[in-house]
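What follows is a single structure, written as structure tokens, with notes after it.
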Amino acid sequence: MEVKGCRKLRLCSRWTPPSGTLGFMVPLVAVLVVVVLVGLKTPNWLIASNWNWGASAIPGGEMNRSATSSPPAAEGGAFSSEMKQSVTGGGRHEVHLDSLNFHGAASPPPEKIGDSPNSTNPSNTSSSSLFKLSSEINKRSNRLDITEAQLQKARAAIQAAKNTTDGAHAPYYIPTGPVYLNPSAFHRSYLEMEKNFKVYVYEEGEHPIFHNGPCGSIYSIEGYFIYQLEISNFRTRDPKKAHVFFLPFSVASIVHYIFDSTVRKHRWRPLRKTVKDYVDLVARKYPFWNMSLGYDHFMLSCHDWGPELSKSIPWLSKNSIRALCNANTTEGFEPFKDASIPEINLPGGNIKRLLGGPSPSTRSILAFFAGGLHGPIRPILLEHWEKKDLDIQVQRYLPKDVSYYTMLRKSKYCICPSGYEVASPRIVEALYTGCVPVIIKDHYVLPFSDVLNWKSFAVEIPVAEIPNLKKILTGISTRQYIRMQRRGVIARRHFEVNLPPRSYDVFHMILHSVWLRRLNFRLPDVKDF
């Protein structure tokens, strides 16, 4: 499959000058040869390969971007091995708020003109060439300096709000209480995002794989987010104003339209090639990918194969921000670089008739689960609890006359075990219906966990404790259960799918997760836990 626009990248094999120009070109070429021999020992394109592209506000140092004048391919191209090692060796790292050791999108290390063994001292170049080069550097550096200054200002504002309770600057919802790890810092960060954050969406690609996605299944976040972002105020059509760049492909659509289940050998190849071709296209057409090796780019996927397809381009999986439902740390998910997003099942494409439930005092079932054998955890759950206790109602399939959502609304706790992958829509279904989620998953980074205090409104149980499930739940006092249930109702707003989006809903929370990773720090500090 060829991504639209790839044909334009092919170079013509021969260029023929228009008639009547040869007489003019011969002396011109002669003059250029003399100039090169006498004045320029190093061609401009080689000097340009060591350009510095701006600095970030790192205490004690600066971050510079290097790029070639002719962008290399998305997998590295003309980047030196030292540059690649420096960019991928450490990657993003956790930065504590108190240290203020911030950096923006990570980039190749500074390479000064004349330091490379393949370059010459700039004093040997002509003054006019250096003037043009300096002018171009200043233009690009100024743009990146402005962007970084905006981000640093936002970081400082969030830091100042971290230890305060001042939140009275918004006419709408203000985060407060134990639902949040640090409500003041979250509030300030959210306001800074709404005021400043700009996303550039690449326009290349056609439906149904690009700029499109499912909106009525467990992969609904892909289509919903892509559509809403492209019509939102966060989108900018001026890449110079962008803080991040979005790659608008849907992994669910790639799998649906390209995957062939009958092919066993190399069946991943067409899927990976689609992703690679797209990133190669934007890397060649625009300078932005190669300026940072994808660090200020992000993709979004709710399909289980999202992490795997991101590996089609090494820099996409290692450097870029990946907003994933399948947030499994054993499969390469990095919490301080990647964003965990919720998996939400929208049977009719919206949340009508899904929200709300009775008060905690009228819920007669202690805990509920219904689902078949899927993955390694559910068989253990079914082995110990399937149809063995009226309080713990665990069964594979419900009778046809029993509604799944009705059972959720009758239950105090809703059991949410992993399937083959860690993501599951059951957590959001529990929050929608006022049921306290009981999360049984290993190596799972919960959605928006850099903002939300999940322990305040959900129960997390290790797989080894499944036999003690009833003992653990009955050990929670009625007072504590009611608190958790009410906090879950508060947290629910951050998982709601609204048309159009509303402040603090799931669309804005996904963007906020990307915003935090562009700022590159967590809102709470370790000592806050």
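The values are calculated or read from the model by the stated rules, or taken from the named source; none is laboratory data. Small disclaimer: the values here were computed from a predicted structure and weren't measured. Glycine gets a Cβ as well: all are built from the backbone with ideal geometry, and neighbour counts include every protein chain shown. With ligands, DNA and RNA removed, areas are computed over all heavy atoms of the protein, side chains included. Shrake-Rupley method; radii C 1.70, N 1.55, O 1.52, S 1.80 Å.
Odds and ends about this structure:
- Val201 - accessible surface, heavy atoms, 1.4 Å probe, Å² rounded to 10: 0
- Counting only protein heavy atoms and using a 1.4 Å probe, the accessible area of His207 comes to about 120 Å².
- Heavy-atom surface analysis with a 1.4 Å probe gives region 407-517 a carbon and sulfur content of 49 percent of its accessible area.
- Cα gyration tensor category, rounded, prolate or oblate, for region 402-497 with a/c compared to 1.5: rounded
- Of Lys273/Lys318; Lys153/Lys195; Lys198/Lys311, those spanning more than 22 Å from alpha-carbon to alpha-carbon: Lys198/Lys311
- Residue-span extension gain [Lys285 to Ser503] - 0.36 nm each, minus C-alpha spacing: 75.0 nm
- What a 1.4 Å probe finds exposed on region 244-313 is 48% carbon and sulfur by accessible area, rounded to a whole percent.
- Distance from the alpha carbon centroid of region 499-517 to that of region 275-298 works out to 24 angstrom.
- Pair Ala149, Tyr404: separation of 7 Å Cα→Cβ label points (nm): 5.3
- With every protein chain in place and a 1.4 angstrom probe, the accessible-area ranking of Asp505, Asp260, largest first, reads Asp260, Asp505.
- Once backbone amide H atoms are built at 1.01 Å from N, Asn328 has Phe333 as its partners under 5 Å, excluding neighbours fewer than 5 places away on the same chain.
- Accessible area of Leu499 in the full protein assembly, 1.4 Å probe (Å², nearest 10): 120
- The residues of region 358-457 expose on average 40 square angstrom of accessible surface per residue, using a 1.4 Å probe on protein heavy atoms.
- Taking all protein chains together, Thr330, Thr274 sort by accessible area into Thr330, Thr274, largest first [probe 1.4 Å].
- Span from the region 398-421 Cα centroid across to the region 230-261 one, whole angstrom: 33
- Sorting Thr362, Thr236, Thr262 on solvent-accessible area from highest to lowest, probe radius 1.4 Å, gives Thr262, Thr362, Thr236.
- Region 299-338 - accessible surface per residue (Å², probe 1.4 Å): 25
- Surrounding net charge for Asp505, when Lys and Arg each add one and Asp and Glu each subtract one, Cβ distance under 14 Å: +1
- Subset of Lys400/Lys441; Lys337/Lys441; Lys400/Lys455 violating a 31 Å alpha-carbon distance limit: Lys400/Lys455
- Using a cutoff of 8 angstrom between alpha carbon atoms and counting only pairs six or more residues apart, the relative contact order for region 396-470 works out to 26 percent.
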